[in-house]
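Let me begin by presenting the structure, written as structure tokens, before commenting on it.
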Amino acid sequence: MPFRKVVLMYHSVSTPEVPAVPGSSPIPLARFQHQVRQALAHGWQFRPLSELRTAASANTLYITGDDGTVDWLRNVLPWCEKEGLPTHTALISGPWQEQPVYPVAHRLHILLALPGRRLPTPALTADQRAYIDRIYSYETNPYRRYLKGACNLVFDDPQARELLGPPDVEEARLLAGRFARPEEYRGFRCAEFGVHTVSHRAFGGDPDAYVREEVLPCRAAMIRHGLQPTRYLVLPMRPRFGATVEQITPALQAAGFEGTLEAMGEWDGHSFAIPRIDAKDVERHLGLAPWTDTPADPSRPAAAGVC
Ligand SMILES: [Zn+2]
């Protein structure tokens, strides 16, 4: 029986000192630490994502964090470095540009969190609404669900930006402070970094254009800033309505990629598309003790020490 290989997906992680970025749905760092300690106690080991396709000697977990927000950088990476825990952070290069391009999904997080904003209702067909209902079933508020669905899954990037309008002063300030600078990622021994596109837009059905406009420039920007990208592309969103992730696989393989991280679930150990387990589902999926809001026992070391 081969060992299990499970890829974990995180986004924002908060501490009292570095709160999560606005509009995200974070877990506390103490819960992340609880998951690590519990997994180790249950015999799991942690390995770098770049070793995903090498033989494992035990059931293995791979920590991935998406988007490179400042809370992830400042709360998670230093602790993992101290504990010798390998991580893989998916980076968006648009915010690093001289004329920054901020992801629509993150603009929407901010706009939905700021008080007193009312965004226009997007025009959608019944089929599009049904697709959105399926992907965003966890969003119980229809205003939020259809705005997120329209911007992230149905509209193309310019249409979504038109719906949102230009950022005002408050939004621009929050966007500017949301993503860590590339130089802040240098020097970590245990941290790996992967491509997460330039603008974080969804794949819309044209593989060559997506690789040319979103994937390769992000990879080049990372290299320019002294970061060595892995061969794993973390897809920023589910494919746009009408597109499938299988369409992009050959173009990514031709560009040297060994896998895409997208969708939810446990990996079969082979496929190019690698599903992940969400941060809020880790305890249940792995059969760990559930998270309760009690402070972690600092005397119990994580003792991962693999990098
Ligand atoms: Zn993302």
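The values are calculated or read from the model by the stated rules, or taken from the named source; none is laboratory data. Please read all numbers here as calculations on a predicted model, not as lab measurements. All Cβ positions, glycine included, derive from the backbone under ideal geometry; neighbour counts span all protein chains shown.
Here are a few things to note about the model shown:
- Residue within the stretch 124-138 that is away from the ligand (no atom under 16 Å from the Cβ), within 23 Å of HIS225 (Cβ to Cβ) and either buried (at least 18 other Cβ atoms within 10 Å of the Cβ) or touching a residue at least 12 places away in the same chain (Cβ under 8 Å) (or both) present: no
- Every condition in (1) within 16 Å of the ligand (Cβ to nearest atom); (2) modelled with pLDDT of 95 or more is met by LEU227 except one, and the failing one is (1).
- Entirely in the stretch 46-149, the helices (runs of 4 or more DSSP H) that have 1 or more residues that are over 20 Å from the mean Cα position of the chain (by Cα): 77-83, 126-135, 142-149
- Residue among VAL7, VAL18 that is in contact (Cβ under 8 Å) with a residue 12 or more places away in the chain, assigned to a strand (DSSP E or B) and over 20 Å from PRO103 (Cβ atoms): VAL7
- Within the stretch 161-211, if we keep just the residues that are without any contact (Cβ under 8 Å) to a residue 40 or more places away in the chain, outside any helix (DSSP H, G or I) and not charged (D, E, K, R), the residue that is nearest to GLY84 (Cα to Cα) turns out to be GLY187.
- Filtering the stretch 226-249 to residues that are over 18 Å from the mean Cα position of the chain (by Cα) and either in the same structural domain as ALA126 (by TED's automatic domain parsing) or closer than 13 Å to VAL215 by Cβ (or both) leaves ILE248, THR249.
- Those residues of the stretch 249-269 which are away from the ligand (no atom under 16 Å from the Cβ) and β-branched (Val, Ile, Thr), in sequence order: THR249
- Residue that is farthest from the ligand (Cβ to nearest atom) [pool: residues in the stretch 37-60 that are closer than 27 Å to GLU183 by Cα and among the hydrophobic types (A, V, I, L, M, F, W, C)]: PHE46
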